[in-house]
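> Here you go, one structure.
The values are calculated or read from the model by the stated rules, or taken from the named source; none is laboratory data. Since the model is a prediction, treat every value here as computed from it, not as a measurement. Note: ideal-geometry Cβ built from the backbone for every residue, glycine included; neighbour counts use all protein chains shown.
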Amino acid sequence: MGIISFIYGIASYAACLVALTYAMGFVGNFVVPKSIDSGPAGAMPAALVIDLALLALFALQHSVMARPGFKAFWTRIVPEPVERSTFVLFSSLALGLLYWQWQPLEGMVWSVENPAARGALWALYWAGWLTLLLATFMINHFDLFGLRQVYLRLKNQPYTPVPFVKFAFYRVVRHPIMLGLLIAFWATPDMSMSHLLFAAATTAYIFIGIFLEERDLRRAHGEAFYEQYRREANMILPLPRRKSARG
């Protein structure tokens, strides 16, 4: 069972790497065969409905499978060591379906012509993805994507939860992974209607996801502990916090 779980975890992680790497080209409109604006524009309102349904499917899958209540139910069906890998795999498949069936929309919101400004926006775009990547290693990249769980199962060692950390980005921002995604989705020199729909819908979902995640974190770590962390670090924007009257 251990070696099968480990192979499954590696395969799920590989699928996630492919999905996330493809996302860079999909959102940025380069290299990949199907991007956010490639192909003929779909007929309205059918294209809009399809795109929103694809985004809603991913959001539903991602939110439901991440909740502790669902995990407790799900681990009655799948072995606990592969629960996270299964979540990662299903998320990757949902993204793959979105890339495949996405329908571009007609219209351009803005297009920056100035070369320096375009370069700055592209630099910001890549800074967003880099922020996301670095933030995963500032907690535990391998636990986040299910590899640590299947490795411990392979070694026949019990799983121990990763402790809550306030390291690097997490000292000033509670959700740097989400910050990286927001930067990557909005920093573009060419904002089409398709891109705007994607960015706006994912932004709405990101803040819903943050609300759900913080509710779970309060329950897991205690209301007093997490409220203290909320006072120490902003939710998204890395801005300095005002010192209290007590200093």
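> It is to be established whether one or more residues within region 101-115 are assigned to a helix (DSSP H, G or I), surrounded by 13 or more Cβ atoms within 10 Å (Cβ to Cβ) and in contact (Cβ under 8 Å) with a residue 60 or more places away in the chain.
No; the residues of region 101-115 include none that is assigned to a helix (DSSP H, G or I), surrounded by 13 or more Cβ atoms within 10 Å (Cβ to Cβ) and in contact (Cβ under 8 Å) with a residue 60 or more places away in the chain.
> I'd like the residue in region 38-55 that is in a helix (DSSP H, G or I) and without any contact (Cβ under 8 Å) to a residue 60 or more places away in the chain and, out of all such residues, is farthest from Tyr99 (Cα to Cα).
Initially, region 38-55 is screened for residues in a helix (DSSP H, G or I), giving 46-55.
Adding the requirement that they be without any contact (Cβ under 8 Å) to a residue 60 or more places away in the chain leaves 46-47, 49-50, 53-54.
On the way: Ala46: 17, Ala47: 14, Val49: 15, Ile50: 12, Ala53: 13, Leu54: 9 Å.
Applying the filter and picking the extreme gives Ala46.
> Against the conditions (1) more than 27 Å from Ser92 (Cβ to Cβ); (2) of a type outside the set (D, E, K, R); (3) in contact with a helix residue (DSSP H, G or I) (Cβ under 6 Å, 6 or more places away or on another chain), where does Asn156 fall short? Just the number, please.
(3)
> Sticking with this one: Output the number of residues of region 126-184 satisfying the condition of being hydroxyl-bearing (Ser, Thr, Tyr) and in a loop (DSSP other than H, G, I, E, B). Before you say what the answer is, go through the steps one by one.
Of all residues in region 126-184, those hydroxyl-bearing (Ser, Thr, Tyr) come to 131, 136, 151, 159-160, 170.
Going one step further and asking which of them are in a loop (DSSP other than H, G, I, E, B), we end up with 159-160.
Of the residues in region 126-184, 2 are hydroxyl-bearing (Ser, Thr, Tyr) and in a loop (DSSP other than H, G, I, E, B).
> Given the condition small (Gly, Ala, Ser), under 27 Å from Trp126 (Cβ atoms) and at pLDDT 95 or above, answer yes or no: does some residue in region 38-53 qualify? Lay out the reasoning, then the answer.
Within region 38-53, the first condition is being small (Gly, Ala, Ser), and the residues that meet it are 38-39, 41-43, 46-47, 53.
Retained after the next criterion (residues that are under 27 Å from Trp126 (Cβ atoms)): 38-39.
Retained after the next criterion (residues that are at pLDDT 95 or above): none.
Scanning region 38-53, I find no residue that is small (Gly, Ala, Ser), under 27 Å from Trp126 (Cβ atoms) and at pLDDT 95 or above, so the answer is no.
> Something else: If a residue has to be under 18 Å from Val18 (Cβ atoms), over 11 Å from the mean Cα position of the chain (by Cα) and surrounded by fewer than 16 Cβ atoms within 10 Å (Cβ to Cβ) to count, how many in region 130-142 make the cut?
Just the residues of region 130-142 that are under 18 Å from Val18 (Cβ atoms), to begin with: 132-133, 136, 141-142.
From what is left, the residues that are over 11 Å from the mean Cα position of the chain (by Cα) are 141-142.
Add one more test, that the residue is surrounded by fewer than 16 Cβ atoms within 10 Å (Cβ to Cβ), and what stays is 141.
Matching residues across region 130-142 total 1.
> Give Phe145, Phe198 a once-over and let me know the one that is modelled with pLDDT of 95 or more, closer than 30 Å to Val78 by Cβ and crowded, with 20+ Cβ neighbours inside 10 Å.
On the way: Phe198 fails: closer than 30 Å to Val78 by Cβ.
Only one candidate passes the filter, namely Phe145.
> From the list Met193, Met138, which residue is under 30 Å from Val112 (Cα atoms) and hydrophobic (A, V, I, L, M, F, W, C)? Please lay out each step first, then the result.
Numbers: Met138 fails: under 30 Å from Val112 (Cα atoms).
On inspection, the qualifying residue turns out to be Met193.
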